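Every number here is computed from the coordinates shown, using simple stated rules; none is lab data. Please read these numbers as outputs of a predicted model, since none were measured by experiment. When we count neighbours, we look across all protein chains shown, and the Cβ atoms used for this are built from the backbone with ideal geometry, even at glycine.
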Amino acid sequence: MRVLLSTYDSRGGVEPLVGLAVRLRALGAEALVCAPPDCAERLAEAGVPLIPAGEPVRRLVHSAAPPSPDDVPRLTAELIATWFDKVAAAAEGCDALVASGVIPAAADARSVAEKLGIHSVHVSYCPIFLPSPHYPPHPLPGQPLPPDVTDNRVLWELNAQGYNAIFGPALNTHRAINIAAAATVGLPAGSSGTGSGDKTRPAG
């Protein structure tokens, strides 16, 4: 069995996949990781092959200021384009795919698995990013939650609409491009990864 583990995340999000890869290899499976280039040293220590993708995460995490809401669509589109190319190539010949990390990368990986017809699982390390009637969602950049709405279910639906508005256009553009290039039956328009009934779930 060959398994691809995909994430765009900081070290705290990469480490669980390193442990999973080591365990899979101990069980006789082939495991490789598609992740940011600045986790190369850690993966090398564990003897796990890395397919580097995207910009170094440390540059974003330790920048003087977080990306502005106006920059989010551009950064999202760039990450989605990179992830479709890298994950699609890395997943060829794989039997399964595990996706985690930020929403654009996780949704991309799930789309690639759907395109290739392989089993996929989305892993979220932080339950507060999973829809629940017991607590409200974290607001998206530049999209505060309406103060007059107190029903958590409604807030999560609004949150899902916000995710789809931010991530949906770029994600669906690349789904369509990759379908045409592969001359397959095609992937329908996908969700960005939130809300009940969607194919993916938010990750930290």
Region 112-180 and region 20-51: distance between their alpha carbon centers, rounded to Å: 28 Å
Built amide H within the under 5 Å cut-off of ALA31, gap 5+: VAL3
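Subtract the Cα-Cα distance of GLN161 and ARG58 from 0.36 nm times their separation in residues, and report this length gain in nm to one decimal.
34.2 nm
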Likely footprinting exposure, GLU41, GLU55, fewest C-beta neighbours within 10 Å first: GLU41, GLU55
Stretchable slack from ASP148 to ALA40, in nm (0.36 nm times residue separation minus alpha-carbon distance): 34.2 nm
